[in-house]
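Heads up, the thing below is written out as structure tokens.
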Amino acid sequence: MLEINHLTMVFKYHQLVIPSLTVSAGEVLTLTGASGIGKSSLLQWILGVPQPDITIEGQIKLNGEDVGALPIESRQIGLVTQQVDLFPHMTVEQNLLFALATKQGDDAARHDWVKQELDSVALTDYATAYPTELSGGQAARIALLRSLASAPKSILLDEPFSALDVKLRKTIRDFTWTTLTAASMPAILVTHDVQDAPGNIVNLEDYYYD
Amino acid sequence: MISRMVRVAIALLWLILPLGVVLWQSTTASFEGALSDAFRALSGSALLTFAVTLITSLIVLFGALGLARGKRLSATWASFIAVPHVAFAIGLLWLVSPSGWLVRIVDALLPMWQGPLQSSWLSSKSAFTLMVVLVLKELPFLILMTQANVQQMPVLRWQQQAQALGYSRRRFWWLIVVPALLRRIRLPLYIIAIYTVSVVDIPLLVGPNAPALLAQAVFELNWQFTSNTQGLVHWGSLLLVLVAIVTLVVLRVVEWVLQRWLSSLAASGKRTPVAQTTGKRAGLPWFWAGLAVIIFMSLLLQSVQQSWFYPSLWPQGWQWSRWLAEWPYIAPLLYNTWILAVLSATLAWLSAVALLEVQAQRQQHQLHVGWLAMLMVPQLVLVLGWQQTIGPDSGLIGLLWSHTVFCFPYAYLTLHGAYHAYPRRWLWQARSLGYGPWAAWFKVLAPMLKRPLALAWAMAFSISVAQYLPTQWLAPVTHPTLTTEAVSIASGGDWRLGSVYALAQWASVWIVFMLALWGTRARN
């Protein structure tokens, strides 16, 4: 479970005051709101990225543990963004192995795991391809697999479908929700389009103060 | 608090201490008389320096503004900028001298020509030759800086708007883009002006002697260890600062006048359509690339020729053994040059990367002029201050310090754009996958920025190789380098031998740049 308590974010011209947000395992909470309200900043704060221009106070708990003081790499929170962010200097296989690096297992086992994952999304032939050689939909699938490969306890989705066309958007959305349901972890989705939302929606404009 | 103290300490070491020492020595020097006497002795040099600097800076400014109208940055500029000034000057002089290669080509093409040229303007040592060398060498730097700034502006959208309003591309460039550019290229222009005020090695090779440029005059006075000349040296170096300040003020006034004039032209609403000229500029980088190749060839031929009489286009006699005969002298210089350049480039590169990383983490993306302050003070004054502080032959440590100080701003400048354009979200991704900040930097950022990182190191290396004044004043006996020897030999008039050392200097830089480019070629 992911819990956010007593959150105050002070921006230059406005602030967000959120008493409490809770996301259960297997649930996807959707955050919406006008551009510039602070959706992505909130996501980055949860991830652990320093926000030098914003004053932020609040508590963040993951499975009961206060992770607010931990660096990004210790929080075990995954991230998928609109830009996909597959490392361009690594092949698809290397991207997945990079994410797997902290897991136990010998080389053969790790390569087997990657092969299975690529089989599951019908991208086995693309193991040695570079991200620039993938279509938008293929890259989006690999990005989600990579985020899950490090076995995070929660995942953040920052407008992951907004760069996709209408048809592909539905396909990738369905793939994402199916995969996340199987992974059974709390997830937060930031989007402008409420049609993306699979469950509860929180509009940050309800927490907006001048 | 700690970072502020570090900054103050660095500023003290880099700037305040050497400048303070020079100022203190000036006021307490036993020179009979005062500033007025020094001014009388050096006023001719000061005026000449002011004129050369102002003319060079203005030609470079208007040249860059007129020639930078391209959308793409060309790597040719960067590779040309790395050509050492000394090698360039030695090679160019043979090309443009009254009996040089260019005149011989004209002679061969025009049978009625009565050569060689009788012109004091193109003599091997004149203010005009000096300005030609400086303009040709500095113009690509400002063009590159101008194009880098153009890329950060929505020029294409502005152009569409202006053309829709009936303005030609040329008029749009001068009325809309140039006013926005002037403020942005102020810093590199000032760097060029300060460099011109303070440069010593190029005037020693191609500058006039009576009067000499102020920096050269002070440099030569500093070798005479009488109390009178030492007083002159200190006052002269302060005069150099004064010339630099006046030049910058005049350049600022020129910018202000130009801004006002262009604003009034824009407000007039006049549209004067002209023919499209964009195609003409596609070959511009190739002019400089061709020039570099010709100069390189000229050095190569000079280094192996035994006799080459006018008007022959090729040498009549060859002396291949010159390289072999010189090798025992060149080898230790190569060793000194490379050790010094590798160490100082590495220190400067590490400092620049550390600074850029801290700035990126704090989202301070602006180029901070404070970190380029050592380029905004005449080098001669800084090095004189260090010489007075740590002694005239301070060994490798003092030399390493001085080279690192001058390599650092170029490493910082070269890497600044790419480092701040790098999306930090790649690092967040790596860290969200469980990697610490160091691991994320080495496994994700470094491989993706390997070429700018390598080129920044290569640029720092080339700056160290080209240093003349710091080497000559801080460790002339213990650590002579290719540059100091090339200047000594060529300024003595032996261009053939000078070409050997200039080529060795150029080759050192070229090898490092080629390795940087080849080692970081993209796989996909």
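No value in this document is a laboratory result; all are computed from the given coordinates. Keep in mind that what you see is a predicted model, and the values were worked out from it rather than measured. Quick reminder, even Gly has a Cβ in these numbers, built from the backbone with ideal geometry, and neighbours come from all protein chains shown.
A few remarks follow.
- Cβ-based exposure ranking for B:D107, A:D210, in which fewest neighbours within 10 Å come first: A:D210, B:D107
- Full-extension gain in nm, B:V249 to B:L350, via 0.36 nm per residue minus C-alpha separation: 32.9 nm
- Close amide-amide hydrogen proximity is noted between A:L79 and A:L156, each under 5 Å apart and 5 or more residues distant or on a separate chain (H modeled in the peptide plane; Pro and chain starts excluded).
- Peptide B:420-431 - average C-beta neighbours from other chains (10 Å radius): 5
- Cα gyration tensor shape of region B:409-459, rounded if a/c is under 1.5, else prolate or oblate by comparing a/b with b/c: prolate
- On the principal axes of its alpha-carbon atoms, region A:1-159 has extents of 49, 31, 27 Å, going from largest to smallest.
- Backbone HN-Hα couplings from phi across region A:139-156 [Karplus 6.51/-1.76/1.60, Hz, Gly and Pro as x]: 4, 5, 5, 5, 4, 5, 4, 5, 4, 7, 5, 8, 6, x, 8, 8, 9, 10
- Each part gets one Cα centre, and for region A:78-143 versus region B:463-516 those centres are 50 Å apart.
- Amide H contacts under 5 Å for A:T32: A:V202, A:N203, A:L204, restricted to partners 5 or more places along the chain or on a different chain, H placed in the peptide plane at 1.01 Å from N.
- A protection proxy built from the mean count of other Cβ atoms within 10 Å ranks the segments B:461-467, A:94-100, most packed first, as B:461-467, A:94-100.
- A simple count of charges around B:T471, restricted to other residues whose Cβ falls under 14 Å of its Cβ and scoring Lys, Arg +1 and Asp, Glu -1, yields -3.
- Cα-Cα over 26 Å, subset of A:K39/B:K443; A:K153/B:K443; A:K39/B:K450; A:K61/A:K167; A:K12/A:K170: A:K39/B:K443; A:K39/B:K450; A:K61/A:K167; A:K12/A:K170
- Secondary structure note: in chain A, about 55% of the DSSP beta bridges are antiparallel.
- The label point for B:Y335 and the one for B:R157, both projected 7 Å from the Cα toward the Cβ, are 6.0 nm apart.
- Computed from the C-beta positions of B:R451 and B:H368, the FRET efficiency with R₀ = 41 Å rounds to 0.95.
- Sequence-separation-based contact order of chain B, relative, with Cα cut under 8 Å and 6+ spacing, percent: 23 percent
- R0 of 25 Å, Cβ-Cβ distance B:V6-B:L187: FRET efficiency to nearest 0.05: 0.60
- What separates the Cα centres of region B:432-453 and region B:393-418 is a distance of 25 Å.
- Across region B:250-255, rounded Karplus estimates of 3J(HN,Hα) from the backbone phi angles (6.51 cos²θ - 1.76 cosθ + 1.60, θ = phi - 60°) give 4, 4, 5, 5, 4, 4 Hz, Gly and Pro being marked x.
- Using a Gaussian network model of chain A in which every pair of alpha carbons under 10 angstrom is joined by a spring, one finds that among A:Q116, A:Q82, A:Q15 the greatest mean-square fluctuation is at A:Q116.
- Applying the Karplus relation 6.51 cos²θ - 1.76 cosθ + 1.60 with θ = phi - 60° to region B:37-49 yields 3J(HN,Hα) values of 5, 4, 5, 4, 5, 10, 5, x, 5, 5, 5, 5, 4 Hz, where x marks Gly and Pro.
- With R₀ set to 30 Å, the beta-carbon distance separating B:W256 from B:A360 gives a calculated FRET efficiency near 0.35.
- Among B:188-194, B:302-308, sorting by the average number of other beta carbon atoms lying within 10 angstrom of each residue, highest first, gives B:188-194, B:302-308.
- Calculated log₁₀ intensity ratio I(q)/I(0) where the Debye formula runs over C-alpha points of region B:295-450, q = 0.09 Å⁻¹: -0.54
- Looking at the protein assembly as shown alone, DSSP beta bridges between its own residues are antiparallel in about 55 percent of cases.
- Residue exposure proxy: B:M514, A:M90, A:M9, A:M185, ordered by other Cβ atoms within 10 angstrom of their Cβ from fewest to most, comes out as B:M514, A:M90, A:M9, A:M185.
- Formal net charge of residues neighbouring A:G136 (Cβ-Cβ distance under 14 Å; K, R +1; D, E -1): +1
- With the simple model of a label 7 Å out from the Cα in the direction of the Cβ, A:T178 to B:R271 spans 5.8 nm.
- Distant-in-sequence amide H partners of B:Q306 (H built 1.01 Å from N, under 5 Å): B:G317, B:W318, B:Q319
- Residue by residue along B:432-444, Cβ atoms of other protein chains within 10 Å of the local Cβ number 6 on average.
- For chain B: rounded, prolate or oblate by the Cα gyration tensor [a/c cutoff 1.5]: rounded
- Listed by chain and number, the aspartates and glutamates whose C-alpha is less than 12 Å from the C-alpha of B:K270, apart from same-chain residues fewer than 8 away, amount to an empty set.
- Ranking of B:Y335, B:Y329, A:Y126 by count of other Cβ atoms within 10 Å, fewest first: B:Y335, B:Y329, A:Y126
- Unit Cα scatterers, Debye sum, the protein assembly as shown: log10 I(q)/I(0) for q = 0.04, 0.05 Å⁻¹: -0.22, -0.34
- Taking a Cβ cut-off of under 15 Å around A:I60, the surrounding Lys, Arg, Asp and Glu residues balance to a net charge of -1, with basic ones at +1 and acidic ones at -1.
- Label separation (B:L324 vs B:Q224): 4.5 nm, computed from points 7 Å beyond Cα along the C-beta direction.
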